[in-house]
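For reference, the structure discussed in these notes is given below.
The values are calculated or read from the model by the stated rules, or taken from the named source; none is laboratory data. Just so we're clear, the structure is a prediction, and the values are computed from it rather than from any experiment. Quick reminder, even Gly has a Cβ in these numbers, built from the backbone with ideal geometry, and neighbours come from all protein chains shown. Accessible surface is based on the protein model in full, side chains and every heavy atom, while ligands, DNA and RNA are left aside. Shrake-Rupley method; radii C 1.70, N 1.55, O 1.52, S 1.80 Å.
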2 protein chains.
Amino acid sequence: MALCDSHSANALTLESVRDSLVRQEDTIVYALIERARFPINSPAYDHSYAKIPGFSGSLLQFLVRETEALQAKAGRFTNPEEHPFFPDDLLPSLVPPYNYTQVLHPPAVFINMNKSIWEMYFEKLLALFAAPGDDGNYASTAASDLVCLQALSRRIHYGKLVAEVKFRESPQDYEPAIRAQDRDALMKLLTFESVEEKVKKRVAKKAMVFGEDVTLDNKEEKRGKYKVDPSIVSRLYGEWVMPLTKLVEVEYLLHRLD
Amino acid sequence: MALCDSHSANALTLESVRDSLVRQEDTIVYALIERARFPINSPAYDHSYAKIPGFSGSLLQFLVRETEALQAKAGRFTNPEEHPFFPDDLLPSLVPPYNYTQVLHPPAVFINMNKSIWEMYFEKLLALFAAPGDDGNYASTAASDLVCLQALSRRIHYGKLVAEVKFRESPQDYEPAIRAQDRDALMKLLTFESVEEKVKKRVAKKAMVFGEDVTLDNKEEKRGKYKVDPSIVSRLYGEWVMPLTKLVEVEYLLHRLD
């Protein structure tokens, strides 16, 4: 979080960005584990279930949209690290402005990948780690989904800061591709397969460590039963989080010389 | 969560209640770790900061009250395991009712310890584990506080189910003290110091396991640096969570023969 506070304009380094990305992995793993407390609870996503007066959509959509509207009033989206899923319905912040340092190039503000994140989460990821079933806790389930969505969104849009810090470290590496508006060349410059493999292994390990049943009897706890399958967290990163982050980075760099 | 779903009326056993309590420890530890991402961020709690039109109180109070109002519309508090912090401001659920099994004795519904939980959290606990400082993320901080508050509230009010299952297992042990309305005798019957010591040790261990920095290099990760001090989680349980749970149990049993 320190990156965007008012005292850290000069704290934007590859090291500080990396530390934040590593810490955000923990947040994502905790969030998935907590969502997995509940079964899939499909009525929360069923447009014909909720029938809330004045709202057409699922209970999940209702809760995400209204919670975002509320958090917007409280200033959440004045932080450039935060991106709403329903940007069209937001009221401006009602609280005194906080002086977040503007480290990003101004066109960054228009990059919002939340539609892709939403589709990935609900159409692909969720069924991979939430058990079948229905326990009636739809509001709590939706609140857990929102925590997952916000954590994934923050991580993926952190690509803006990743791109900025990489650009600042060696602008000469990126400028030709930016001037040529060459997405493929930028994607190539931003891809380090050995680093990505390491990240996938680390998040799987986090799913093991954070998702085990901890008991006072040491022997019992290494049974290989985890609250969320570590291979799914690894796949989440490999197939979706890192590719989407790189898309954010590419979009950002394409406008870095605007 | 299974205890209150519609298929588990006969699943109320000491074992199932214990399993839920143990799992809820994980939720509480994750929630504290996630709140500790942010510094104390005192403007979130300052009544003179927010100045939201039509609301007098802190930004935290605003967000908790309004989020609860929203979750109430989505049916959160129709689950007897959930208890609001602002019960007076809630609208009824707008979604079709879910058939939660009523395992609790009806007067249980009036027991709500959230005022004590709120005071404990903001006046004692928070300063013990949130670092000094201000990073401007007040809305996100308040959302993290709400996750902590809801997890603690669910755990502590689970005392109703603990008391019910204990009463069902041996009513003869409790009936004399209930008829005499003898709180001290009930408290004595519900206190098992060796079990409480074990719980305190287990939650401290969870704070260690879940709060470590996980790296692929095994040597690095045992440095004894945790995201939340394990001794504070142990103290949270010993001084507040277990005593408040027993208060819930006593209140419940006092009305068990009504």
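Within the range B:119-135, if we keep just the residues that are touching a helix residue (DSSP H, G or I) at 6+ places or on another chain (Cβ under 8 Å) and within 14 Å of another protein chain (Cβ to nearest Cβ), the residue that is most open to solvent (accessible area, probe 1.4 Å) turns out to be B:Asp134.
Restricting B:Lys225, B:Lys246, B:Lys198, B:Lys206 to residues that are of a type in the set (Lys, Arg) and at pLDDT below 95 narrows the list to B:Lys225.
Starting from residues that are within 22 Å of the chain's Cα centre (by Cα) and more than 14 Å from chain B (Cβ to nearest Cβ), keep the ones in the range A:187-203 and report whichever is most open to solvent (accessible area, probe 1.4 Å). For the range A:187-203, the residue satisfying everything is A:Glu193. Scanning for something under 26 Å from B:Ile232 (Cα atoms), aromatic (Phe, Trp, Tyr) and either surrounded by 17 or more Cβ atoms within 10 Å (Cβ to Cβ) or at pLDDT 95 or above (or both), does the range B:18-34 turn up at least one residue? Within the range B:18-34, one or more residues are under 26 Å from B:Ile232 (Cα atoms), aromatic (Phe, Trp, Tyr) and either surrounded by 17 or more Cβ atoms within 10 Å (Cβ to Cβ) or at pLDDT 95 or above (or both).
Scanning the range A:71-99 for residues that are over 20 Å from the mean Cα position of the chain (by Cα) and open to solvent by 10 Å² or more (accessible area, probe 1.4 Å) turns up A:Lys73, A:Asp89, A:Leu91, A:Pro92, A:Ser93, A:Leu94, A:Val95, A:Pro96, A:Pro97, A:Tyr98, A:Asn99. Considering the range A:108-118, the residues that are touching a residue at least 60 places away in the same chain (Cβ under 8 Å) and closer than 18 Å to A:Ile28 by Cα include one that is most open to solvent (accessible area, probe 1.4 Å), namely A:Ser116.
When the range A:141-170 is filtered for residues that are open to solvent by 10 Å² or more (accessible area, probe 1.4 Å) and either of a type in the set (Lys, Arg) or not in a helix (DSSP H, G or I) (or both), the ones remaining, listed by number, are A:Arg154, A:Arg155, A:Lys166, A:Arg168, A:Ser170. Residue count for the range B:244-258 under the criterion of being assigned to a helix (DSSP H, G or I) and of a type in the set (D, E, K, R): the result is 3. In the range B:90-107, how many residues are touching a residue at least 12 places away in the same chain (Cβ under 8 Å) and closer than 24 Å to A:Ala44 by Cα? So the count comes out to 12. For the range B:47-70, taking the residues that are among the polar types (S, T, N, Q) and surrounded by 22 or more Cβ atoms within 10 Å (Cβ to Cβ), the one that is nearest to the other protein chains (Cβ to nearest Cβ) is identified as B:Thr67. Would you call B:Ala44 under 20 Å from A:Ala69 (Cβ atoms), in contact (Cβ under 8 Å) with a residue 24 or more places away in the chain and open to solvent by less than 50 Å² (accessible area, probe 1.4 Å)? Answer is yes for this residue. If you go through the range A:54-82 and keep only what is part of a loop (DSSP other than H, G, I, E, B) and on the phi < 0 side of the Ramachandran plot, you end up with A:Phe55, A:Ser56, A:Ser58, A:Ala74, A:Asn79, A:Pro80, A:Glu81, A:Glu82. Going by the conditions given, is B:Pro39 over 20 Å from the mean Cα position of the chain (by Cα), buried (at least 16 other Cβ atoms within 10 Å of the Cβ) and in a helix (DSSP H, G or I)? Judged against the criteria, B:Pro39 is not a match. Residue count for the range A:140-191 under the criterion of being touching a residue at least 60 places away in the same chain (Cβ under 8 Å) and farther than 30 Å from B:Glu82 by Cα: the result is 25. Scanning the range A:47-67 for residues that are in contact with a His (Cβ under 7 Å, 6 or more places away or on another chain) and free of Cβ contacts under 8 Å to residues at least 12 places away in the same chain yields a total of 1. Applying a threshold of 9 Å to beta carbon distances and a minimum spacing of six or more residues, or different chains, the list of pairs starting in the range A:247-258 at a residue that is closer than 18 Å to A:Tyr237 by Cβ and ending at one that is at pLDDT 95 or above and aromatic (Phe, Trp, Tyr) reads A:Val248/A:Tyr158.
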